[in-house]
Amino acid sequence: MQKDLEDKFLLDFEANQNIAHKICRLYTTNRDAHNDLFQEITIQLWKNYPKFRGDSKFSTWMYRVALNTAISLYRKSTRRIKTQDISDFVYKVKSQDYDDTEEVQLKALYSAVHQLNDIDKALIFLYLEDKPYKEISETLGISSVNARVKMNRAKEKLKNILNP
Amino acid sequence: MDVLDDYKKTWINQADEKNRLTSLEIYNLSHSKSSSIVKWIFIVGVLEFILWTVINITIPDRFYKIYEDLNLMEYLNIFMGLHYVIILVFLFLFYRNYKRVSLLENTKKLIQKILKIRKTVKYYVFYNLTTVFLGSVVLNIVLFSDDAHLMKVMNPQNLTLDIQQVVTITVISQLIALLIIIVLLWLFYKLVYGTLLKKLNKNYKELRKLSDV
């Protein structure tokens with residue numbers, strides 16, 4: 001029973017791990033911290049997996065657990081020196097007609113989002129992932145109307161950082 | 001078209017993480033030890049319960065001599081019985097709040113629940129401090145109401161002191177002890193909970209702001 005559950009979890013998570021990596025990239029700025037947060041997200045996903053009923057998609061469920069971990073559970077390790085080491089990451093796009101302006105754009109986007117607070121980060125992330133307002137408001141625990149208003153403000157902040 | 005829509009397209013088009021983990025790596029990670037804020041709040045909370053209980057238990061017998069001298073032993077015993085019941089209630093609440101934390105809640109609810117674990121411990125410490133304070137107030141009232149008792153308790157070696165000096169020494173030493181305790185506790189809370197809860201409080205404030213747009 002436990003073995004079946006575990007196999008299913010590994011399969012589900014392996015296929016969807018990119019969601020967690022993207023969240024780690026947004027909430028941390030160097031490789032060590034990224035791995036730390038990824039580890040905590042993995043622990044929490046597994047711990048909560050028995051409660052995953054399958055009435056929603058695994059990925060939908062994962063957004064919530066992973067974001068909650070990044071916002072509320074993850075503790076920046078104090079042992080590490082705080083560095084703005086964004087260069088640890090290589091931002092690649094998978095477009096067929098290869099265009100390096102897209103890569104520059106992606107890098108700019110990440111470093112702009114890094115400057116937002118944790119909640120605005122979540123709002124922008126869910127917007128970029130094309131999530132409906134209903135899901136955004138349910139994930140964060142605010143009303144749909146407030147989610148809309150706040151999203152517009154977060155987008156404004158982001159635009160100002162991108163194009164000052 | 002919104003300028004961000006352009007960025008959004010790039011975002012959706014970004015390549016998958018190049019350091020993808022294998023199932024085995026994920027398996028190992030999922031069975032590793034968590035170092036989450038909640039876990040730390042729980043550990044610090046348990047340590048606090050232990051600390052205060054140890055303080056309660058290890059008070060030397062001679063401390064109670066003053067109660068015997070003042071014929072307060074009976075009240076003290078009743079109070080201690082009640083005290084242990086209250087500690088058990090606190091422990092139950094603390095554990096229940098910890099167990100209620102679920103990552104499946106929305107973010108706002110989740111942070112509320114985490115902060116609630118910490119609140120139980122805070123109330124526990126307040127309760128202990130209040131009993132220490134009220135206990136010493138009662139003791140002082142009984143003590144100062146009878147000069148002979150005061151001389152006997154505060155000056156057991158029968159040094160040549162007049163009652164005025166004894167009163168002054170008693171009051172000053174109590175004030176100093178109180179001050180030291182308050183400073184130590186304040187430092188402890190600033191340090192431990194300050195670092196642990198800084199992020200949570202900030203995010204909770206942000207979410208509350210979102211709720212009353």
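The values are calculated or read from the model by the stated rules, or taken from the named source; none is laboratory data. Predicted model only: the values in this text are computed from it and were never measured. In this analysis, Cβ positions are derived from the backbone assuming ideal geometry, glycine residues included, and neighbour counts consider all displayed protein chains.
Is region B:88-106 home to any residue that is touching a Lys or Arg at 6+ places or on another chain (Cβ under 6 Å) and of a type outside the set (A, V, I, L, M, F, W, C)? For region B:88-106, residues touching a Lys or Arg at 6+ places or on another chain (Cβ under 6 Å) and of a type outside the set (A, V, I, L, M, F, W, C): present.
Here B:Leu91, B:Leu115, B:Leu150 are screened, and the one residue that is part of a helix (DSSP H, G or I) and within 30 Å of A:Asn146 (Cβ to Cβ) is B:Leu115.
Going residue by residue through region B:125-138, is there one that turns out to be more than 21 Å from B:Tyr64 (Cα to Cα), surrounded by 15 or more Cβ atoms within 10 Å (Cβ to Cβ), modelled with pLDDT under 80 and under 19 Å from the mean Cα position of the chain (by Cα)? Yes: region B:125-138 contains one or more residues that are more than 21 Å from B:Tyr64 (Cα to Cα), surrounded by 15 or more Cβ atoms within 10 Å (Cβ to Cβ), modelled with pLDDT under 80 and under 19 Å from the mean Cα position of the chain (by Cα).
What is the residue count in region A:98-123 for residues that are free of Cβ contacts under 8 Å to residues at least 40 places away in the same chain and either on the phi > 0 side of the Ramachandran plot or within 11 Å of the chain's Cα centre (by Cα) (or both)? Walk me through it before giving the result.
Just the residues of region A:98-123 that are free of Cβ contacts under 8 Å to residues at least 40 places away in the same chain, to begin with: A:98-107, A:111, A:117, A:120, A:123.
Then keep just the ones that are either on the phi > 0 side of the Ramachandran plot or within 11 Å of the chain's Cα centre (by Cα) (or both); that gives A:123.
Result for region A:98-123: 1.
Give the residue, chosen from A:Leu37, A:Leu73, that is more than 8 Å from every other protein chain (Cβ to nearest Cβ), in contact (Cβ under 8 Å) with a residue 12 or more places away in the chain and surrounded by 21 or more Cβ atoms within 10 Å (Cβ to Cβ). The unique qualifying residue is A:Leu37.
Applying a threshold of 7 Å to beta carbon distances and a minimum spacing of six or more residues, or different chains, the list of pairs starting in region B:74-99 at a residue that is within 15 Å of B:Asn128 (Cα to Cα) and ending at one that is assigned to a helix (DSSP H, G or I) and of a type outside the set (Ser, Thr, Tyr) reads B:Leu91/B:Phe49.
Limited to region B:95-124, what total is found for residues that are facing another protein chain (nearest Cβ under 7 Å) and either of a type in the set (A, V, I, L, M, F, W, C) or within 10 Å of the chain's Cα centre (by Cα) (or both)?
Here is the first cut: in region B:95-124, the ones facing another protein chain (nearest Cβ under 7 Å) are B:103-104, B:106-111, B:114.
If we keep only those that are either of a type in the set (A, V, I, L, M, F, W, C) or within 10 Å of the chain's Cα centre (by Cα) (or both) too, we end up with B:103-104, B:110-111, B:114.
Adding up the residues that qualify gives 5.
Pairs are defined by a Cβ separation below 8 Å, a sequence spacing of at least 6 or placement on different chains, a first member in region A:143-164 that is within 17 Å of A:Leu128 (Cβ to Cβ), and a second member that is surrounded by 15 or more Cβ atoms within 10 Å (Cβ to Cβ) and hydroxyl-bearing (Ser, Thr, Tyr); the pairs so defined are A:Ala147/A:Tyr133; A:Ala147/A:Ser137; A:Arg148/A:Tyr133; A:Met151/A:Tyr127; A:Met151/A:Tyr133; A:Ala154/A:Tyr127; A:Lys155/A:Tyr127; A:Leu162/B:Tyr7.
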